[in-house]
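Worksheet: one structure, shown below.
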Amino acid sequence: MSLFNPSREEVRQFFCDAWRKHQASGILTPMESIAARWMVEHPEYHALLNDPQQAQQAEYTPEKGQTNPFLHLSMHMSITEQVQIDQPPGIREASRQLTVKLDSEHEAQHKIMECLGQVLWSAQRDGTPPDMVTYVELIKRLL
């Protein structure tokens, strides 16, 4: 799997494999451990993760009002990594404060995810790199 630009199939296979290993109490890589942690938090995805063939074939479109579980889990992983390494600067403390305010790391991540989505959408619309300062500021506004 390409670490920096995995295909749709590779991403889906990663999550299904990590889920299978987690359920079998197998040894997980650090990335798989992060993924498993968030997959446990989303029981609505378990049936899909237990069926790799369905996972590979499923289509998710906003027009149908569907959330892509693989995108959602990937965003959880990205935010977790950002917080761990405090990149962009200030996200660790903003995330900590939001987690305390909401009394839930999971809910805090969902709010941060909305901020990340807004910044990514703006960058794509404008053809610019994501504005990470604005990203952290959006999170701080939630406090």
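The values are calculated or read from the model by the stated rules, or taken from the named source; none is laboratory data. Computed from a predicted model, the values in this text were never measured in an experiment. With ideal geometry, Cβ positions are generated from the backbone for all residues, glycine too; neighbour counts draw on all protein chains shown. Please note that ligands, DNA and RNA were not included when accessible areas were found on the heavy atoms of the full protein model with its side chains. Shrake-Rupley method; radii C 1.70, N 1.55, O 1.52, S 1.80 Å.
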Ordering 39, 77 from largest to smallest accessible area (1.4 angstrom probe), what's the sequence? 77, 39
Rounded to the nearest 0.05, what FRET efficiency do residue 143 and residue 87 have when you use their Cβ-Cβ distance and R0 = 25 Å? 0.80
Checking the cross-link filter: which aspartates and glutamates have an alpha carbon closer than 20 Å to that of residue 111, excluding same-chain neighbours under 8 positions apart? 41, 44, 81, 86, 93, 103, 131, 137
Of the listed peptides 51-64, 108-121, 80-93, 22-35, what is their order by residue-averaged count of other C-beta atoms within 10 Å, with the highest listed first? 108-121, 80-93, 22-35, 51-64
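Only helical DSSP H runs with n ≥ 4 go in: add -39500 (n - 2.57) per run for the chain, normalise by residue count and round the 222 nm mean residue ellipticity to 500 deg cm²/dmol.
For the chain, the value works out to -21500 deg cm²/dmol.
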Mind listing the phi-derived Karplus ³J(HN,Hα) values for region 109-124, rounded to whole Hz, using 6.51, -1.76 and 1.60 with θ = phi - 60°, and x for any glycine or proline? 4, 5, 5, 5, 4, 5, 5, 4, x, 5, 5, 5, 4, 4, 5, 5
Quick check for you: with a 1.4 Å probe and neighbouring chains kept, what is the accessible area per residue of region 67-108, in Å²? 51 Å²
Ignoring any ligand, DNA or RNA, what whole percent of the accessible area of the chain comes from carbon and sulfur when the probe is 1.4 angstrom? 54 percent
